[in-house]
Amino acid sequence: MTLRISVIGIGYLGAVHAASMAELGHEVIGLDVDRDRVAALQAGHAPFHEPGFDELLQRGLDSGRLRFTSDYAELADADVHFLGLGTPQLADGMGADLGHLRSAIASLTEVLPARGGAPTLVVGKSTVPAGTSRELAATLEQVDGARLMWNPEFLREGFAVQDTLVPDRLVYGVPSGDEQDERVAMLDAVYAPILERGVTRLVMGYEAAELVKASANAFLATKISFINAVAEMCEATGADVTDVSRALGMDDRIGAKFLRAGLGFGGGCLPKDIRAFLASAEDHGVGDALGFLREVDAVNGRRRTRMVALAEETLGGLEGRRITVLGAAFKPDSDDVRDSPALEVASRLRAAGARVTVTDPEALRTAQRRIPGLCTVPDTQDALRDAELVLLLTEWREYRDLDPVATADLVASPRIIDGRAVLDPQAWREAGWEFRALGRPDSEAPEAPQNPGSSEGPVSSDEAITPGRVLSPSGVRVPA
Ligand SMILES: NC(=O)c1ccc[n+]([C@@H]2O[C@H](COP(=O)([O-])OP(=O)(O)OC[C@H]3O[C@@H](n4cnc5c(N)ncnc54)[C@H](O)[C@@H]3O)[C@@H](O)[C@H]2O)c1
């Protein structure tokens, strides 16, 4: 059955969702207040890098089933409206800013009465604190025929198309959690081709649906910070975190995914979502229950600090030193630089006086927009030329595959820090590189530290390679 669908907010989530709904055979209109974004999408230009999205967008436009607008009045015909609005961190707190969602609901309720009470389903996809759906429904459902449900989105940037069309599961939140709720059948009709492929859908109450998403992201962030906390222990004891994580991941109960130590998580979701989850728990009087998320966040932040300190130790100072940063996106296969660990490290090195060159296969445009004046070089070889230190901060395939021998010829001094634990230390050392990495020892056969963690006070860069006894010049305790 072909349905008329709108998607309100056509960012990473919404644009992919709109094009995917057209792919399923529906007539789709995507709306955004950002007119440039609307014009780009209407012209077939993806406003971000997402594998497979350009083709999906073009197919939708060519079919005549997909179009874009900035005018809410054009949504009046749609039977189903998806909400893909951003829920960023509040400027003055840790909670989620629901302003975009509230504003979109207000604009939508102005056009819905034109439907004369015909059944209209509004489906929230944004990540929101528990209680948001019920609050928004109270406003929206004052319009005759309008009903709200919450259907959180679990897509991963870099796999967004695949995750939208073949999700692991579909979660439907309705007020009472009742499978017989009329909204369930309406959304089933939208997702019919997906459900026919055997994808499981779970119906539950509004708050449970909201909490599934918040918990999923909190769990993933916790798993990453857990292994990064272990990496700190590895740095203090001379162990190699990749040995630990490989063995841990073979335990079925634990699993290997999200267990790679490195520079930690970033992006437009995990950091703000764990903070919003914690803020929401505090609002509900159970802040203690999720208090550990504060530590998850702190461990994550410390990896960035540690990387800056390690660069400083390796060079014996940052002022005027030429550093090439491989990667700007918060993860490979994306051009998203929101809360990007790589970009934050680059920015902190610049602030400390280093001459930083950043390269990335896709994210230089977004990086420039975020940090005007950032020195960016698109070609990897050019970016590496004359570097005194190379930092691998986003694990794009192209950087994982770098040839240490050929790369050594490009740089001024063969020194590299692997921030993502993806390079083979032996191969790089054999090619003459000073190789360091987060969570890995500075030599192949580290001596057991004599007195781990006991040193106080600044030490020279020579001393800095002794595991477990380094205090960086910035005063941050950084076991080597
Ligand atoms: N990006 C992801 O990987 C991902 C994955 C799962 C869930 N989510 C969640 O989905 C939501 C959207 O995330 P995103 O990354 O797509 O955000 P985004 O910032 O890329 O997109 C949001 C869009 O909404 C538009 N907008 C703002 N106010 C509007 C209004 N009143 N009317 C119409 N459009 C408006 C903005 O211009 C922007 O284009 C967030 O809650 C996020 O946490 C994102």
> Within the stretch 288-327, which GluC sites (Glu not before Pro) sit in a loop by DSSP and count at most 15 neighbouring Cβ atoms inside 10 Å?
Replying inline: Glu319
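What net charge do the residues around Gln89 carry, taking every other residue with its C-beta under 14 Å from that of Gln89, with Lys and Arg at +1 and Asp and Glu at -1? Before the final figure, lay out the partial values.
Details: positive: Lys272, Arg275, Arg338; negative: Asp92, Asp97, Asp273, Asp297, Asp339.
Neighbour charge sum, excluding Gln89 itself: -2.
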> Roughly how many debye, to the nearest 20, is the charge dipole of the stretch 163-286 about its Cα centre, given +1 on each Lys and Arg Cβ, -1 on each Asp and Glu Cβ, and no other charges?
Replying inline: 340 debye
> Of the listed peptides 213-225, 95-107, 325-337, what is their order by residue-averaged count of other C-beta atoms within 10 Å, with the highest listed first?
Replying inline: 325-337, 213-225, 95-107
> Over all Cα pairs of the stretch 267-323, how is the pair count split among 5 Å bins, expressed in % and running from 0 up to the last occupied bin?
Replying inline: 4, 17, 18, 15, 11, 10, 10, 7, 6, 2
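With the cut-off at 42 Å, report for the chain the share of all Cα pairs above it, as a whole percent.
24 percent
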> Among 144-152, 254-262, how do they line up from the highest to the lowest mean number of other beta-carbon atoms within 10 Å?
Replying inline: 144-152, 254-262
>> I'd like to know which of Met307, Phe292, Ile323 lies farthest towards the positive end of the charge dipole of the stretch 279-325, counting +1 on Cβ of Lys and Arg and -1 on Cβ of Asp and Glu.
In response: Ile323
> Using unit Cβ charges (K, R positive; D, E negative) and no other charged atoms, how large, in debye to the nearest 20, is the dipole of the chain about its Cα centre?
Replying inline: 400 debye
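Arrange the peptides 351-361, 132-142, 110-120 so that the one whose residues have, on average, the most other Cβ atoms within 10 Å appears first. Intermediate values should be presented prior to the final figure.
Numbers: 351-361: 21.5, 132-142: 17.5, 110-120: 14.7.
By packing density, highest mean first, the sequence is 351-361, 132-142, 110-120.
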>> Quick check: pseudo-label points 7 Å beyond the Cα along Cα→Cβ at Ser443 and Val377, how many nm apart are they?
In response: 3.2 nm
> From the residues Gly266, Ala236, Phe277, which one has its Cα farthest along the dipole of the stretch 225-284 in the positive direction, the dipole being from +1 and -1 charges on Cβ of Lys/Arg and Asp/Glu about the Cα centre?
Replying inline: Gly266
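Would you work out the charge dipole size for the stretch 262-465 about its Cα centre, treating the Cβ of every Lys and Arg as +1 and the Cβ of every Asp and Glu as -1, and quote it to the nearest 20 debye? Before the final figure, lay out the partial values.
Numbers: 25 positive and 35 negative charges, 125 e Å.
Using only the charged Cβ atoms, the result is roughly 600 debye.
Calculate for the chain the 222 nm mean residue ellipticity that helices alone would give, adding -39,500 (n - 2.57) per DSSP H run of length 4 or more and normalising by residue count, nearest 500 deg cm²/dmol. Could you put the intermediate results ahead of the total?
Numbers: 18 runs with 192 residues, N = 480.
After summing the helix terms and dividing by the residues of the chain, the value is -12000 deg cm²/dmol.
Here, each number is a calculation from the coordinates, and none is a lab measurement. All values derive from a computational prediction rather than experimental measurement. Neighbour counts are summed over all protein chains in view; Cβ atoms, including those assigned to glycine, are modelled from backbone coordinates with ideal geometry.
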